[in-house]
Amino acid sequence: MAKYKKFLYIKNEKDEGEIQQIYPKPPNHVDSGKPHETTKIGPFMAAPILNIGSYQLEKGDFKDLKAFIDRLNDETNLLSKFIKNKLSPEILGSLNAYEDIIGNDQLVDRFIDELNNLLGNEFFYSKELFRDISLSREIEDLLLNVPTQKEDILYINRLLLEDVYRDELTKCYVLGVIRLPHVADGGTEFTEYEKRIFNYFAIRLSQSIENANIVKKYNNLVSIYRRIGHCCEYDTTDNILDKLFEVVRFMPEIVGGGYCTIFTIESEMVIPQATTSTSKPFLEIVKRSRSGTYLYDIKGPGLTSWVARNKKPIRIDNISNEKEIRKIDPDLIALRPVVEIEYDDVGPFLAVPIIRDGNSVGVIRVLRRKGARPFKSMDETLLTGSAELLSLVLSNIIRNKEFSIRQSKATEQWLSIFSSELVNKGIIVKEISYAHEINDFFNTPVSGEISEKIKDSLDNLWKKDYGMSKSISLLSDFKNYEDMLLELPGYRDHFIHQFQVFILGAIIIDDIYKIGKEKNKKSFLDFYSSAIKEPGLTKQHADFAWLIASSFHDIAYPIEKSDKIFDKFFSNFMGIEESVIQGIRLEYIIYDSGYQRLIDNLADFYVSLQNTGKGWAFNGNDNRSINVDACFNEALWRNLLKKRDHGVLGALILLHQSLSDSGTRHFSTVIYPAALAIALHGKLLLELQEDIVFEQNPLAFLLRFCDLSQEWGRGNAIIGNPNLSKIDVNYNESDNMIHVRVEISLGNAHAALKKEIEARDVFGRLFSRDMVFELKINDTGKEYSSLRRLISL
Amino acid sequence: MVARKKKAELIERAGRQTIELDNVPSESIEECHELIDTLSKLNEARDLDRICEIIDKYLKKYIKGVGCSIFLMDPTTNELKLIYSKMIDKESWSRAKYRVG
């Protein structure tokens, strides 16, 4: 009955012959519930509840009255010609100049009345009139019997009109059916009056059901808005996607039913993120959607891609109607497959873009089965409203995905520079004064420049307890100069390296503090205090001395390499290949700038640490060894003048800068120990006759050990990809000592050999009594130990 | 007969929401008013429960049937779904589906 959209009256429902007469074919009757008790049923009537109320034309039934009049004026349209011949001269005249009729309500009413009169009285169909019109199957079925009743003529005429004037008239569809059977026993036939009343109820029901649908849509809209809003509260992409599945399930409800898919646009692809489906399991569909089965290229010819690309909605009554599709865009085609249902089952199609900041970020698509009622402009409006809200959610998804990609790239970069071993150990330091800052540093990798984060971090640490803002500002300058140094052949990064050395040492110091507490062994502060011999030393002094020694130790590299930089300028700009810079006479600069006193004090400090006697003082040390002092001074000057050693220069820079930062306040407790460690980490160490003993000068020892070990993150195509395999600090019961062990890989035989030579030289000068420091080069298996040297001695 | 015809015209107009009450017998006018009220109530109904309530209460006044069923079309599946039934209890019919075409 609903199929034929027509009032049905049967005297006796048991009489199949009667039904056959009414229906050209028996209705496809599916009843999965309780069997229909047909034996009790006699007269039966049912009326369709139509979207248009009744088959008579009303103003609202014209999608475009002007276009309809244009079609009527089309002389080649046989039905138009037929209709026009039946209209009154007055209406006919107004149609020829339709500006007379458009906007003239009275004239329009009369025109519609005349059309309705025709609809109810003149049967339109003849083979001749409809020879060029393709009629729907339903009408072809109905035309098997020529209608005689006025209602039947009206009904078939209306359907014929809809087929001829598809674009101008609203298509009638069934909202529902109202049915009224009589009991056979004693039941009388329905009277004409009852039939009429029944039809009025059906007509009014169409209005009330449309109203109810609107209210339902409104409630669903509120509900879906809440759900979308809920999506916005979720902060991870997976959580948002889970919530989006709930949204997509309810999305069709706001347009009165259908199958829905929500797409996002990423990398020029339109990707289904959540969908409803029919036969296939929901999760399987989602999995297939995400795996790429239903992806569309945004530049492709399909409907969904068009919506995404043009940021405009598409509403089509029937996806199989190519003419309807081509009307939107001649190049447009409906692509198969679709995720929601089998492509061949798809009828009405509605898709709206999801736009954020002027860009398409997604598409909402709703489909209905073939023969189902088409979407209306109100549905498009409702879906567009939802799309606006959904744009917030999709922006979050896309942003989260981009963030996640950035994060994973950042983490990858992070680990390739710092190594997972250093990061894993760095995030658990807790005893050293900077534990909290180091934990934070590794817990929040950044996607931007790592050197910027290092700068910020060091800036914060240098100022934290001692306010050394001027000295730390040199680090920024150093980073800028290093960009020039990186142009020199063979030069490797030193800015990040300094920070890595700081972290490595901080991890070792932290572990020494931890084990010291647990095993009642000497802490780093104990070693530091007994070496420096200054009263009132705290952990902050020892830790800060390590911070500035490690993070400043290569600060003078630009000066050491200044000749080469200048030579490069002459080479690049003037084509002069030989060295033109003859070496600056540093001795005059040192004398003239007051550095001599700093050098003398540094020598004094060195001597005081090397001797086990009295402490060190600026104003003279009775216990100083003239011989050691002379040797140190000579080696220092030699390195300074001939080799322009960045270690010695770095020490002088620190001493000089800290004078302007904090005067002599922390000279003996922090600055001189750090400066000496910096001075000794370069070539000077190898030229001295004395060893660096951990117990006598823990800072210089640790700096040289960490500087030697730190290679990871400094690789390049030539030297390979060095890695930090292990940092292990533990207490060894057998020798009752703390062992510090670092294992590295150079990833290249040549680099490993070079490192072996350096390690042999450095361990030739490093010596410890109460602790063991070991370095293993995994590439060659060679191990170096400060204790082994003791044994060999 | 004349009154009956006038009444029919009246009802026809009531169906299309306009009515002229001149020359209508008083007993018919009352019935017409009631029908117009009923149809207006239907027009104003905003949810399916209310629609079913009106049908339940008023339809039997005009038509002597044994019951009534209302089906709504589900556009997703293109199936008619029973939303109201007076003849056979609603529970047993709630699973019934009438497929179109």
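Throughout, read-outs are computed from the coordinates displayed, never taken from laboratory work. Quantities reported herein were computed from a predicted structural model and do not represent experimental measurements. Cβ placement follows ideal geometry from the backbone for every residue including glycine, while neighbour counts extend to all protein chains displayed.
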Trypsin sites (Lys or Arg not before Pro) restricted to the range A:708-779 and DSSP loop, no more than 15 other C-beta within 10 Å: A:R769
Positive minus negative residues near A:T780 (Lys, Arg vs Asp, Glu; Cβ under 9 Å): 0
The range A:672-793: antiparallel DSSP beta bridges as a percent of all, rounded to 5: 60 percent
Average beta carbon contacts from partner chains per residue of B:39-50, 10 Å cutoff: 5
The range A:394-503: GluC sites (Glu not before Pro) in DSSP coil with no more than 16 other Cβ atoms inside 10 Å: A:E449, A:E487
Distance violations [Cα-Cα > 30 Å] among A:K171/B:K57; A:K243/A:K430; A:K533/A:K726; A:K430/A:K453: A:K171/B:K57; A:K243/A:K430; A:K533/A:K726
Average beta-carbon neighbours from other chains, 10 Å sphere, peptide A:368-380: 2
Peptide-level mean, for A:161-174, of C-beta atoms on other protein chains within 10 Å: 1
Distance between the range A:471-485 and the range A:739-767 - C-alpha centres, whole angstrom: 28 Å
Qualifying GluC sites (Glu not before Pro) for the range A:692-771 [loop in DSSP, other Cβ within 10 Å: at most 14]: A:E733
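So, by mean Cβ neighbours within 10 angstrom, what's the order for A:681-693, A:199-211 with the highest one leading?
Order by mean packing, descending: A:199-211, A:681-693.
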Largest-first principal axis extents, alpha carbons of the range A:653-702, Å: 33, 21, 15
Semi-axes of the equivalent ellipsoid for the range A:289-445, Cα gyration tensor, largest first, Å: 49, 16, 13
Burial ranking of peptide ranges A:546-554, A:295-303, A:188-196 (average Cβ count within 10 Å, highest at the top): A:546-554, A:295-303, A:188-196
Cut-off 13 Å between beta-carbons: net charge of the residues surrounding A:V423, Lys and Arg +1, Asp and Glu -1: -2
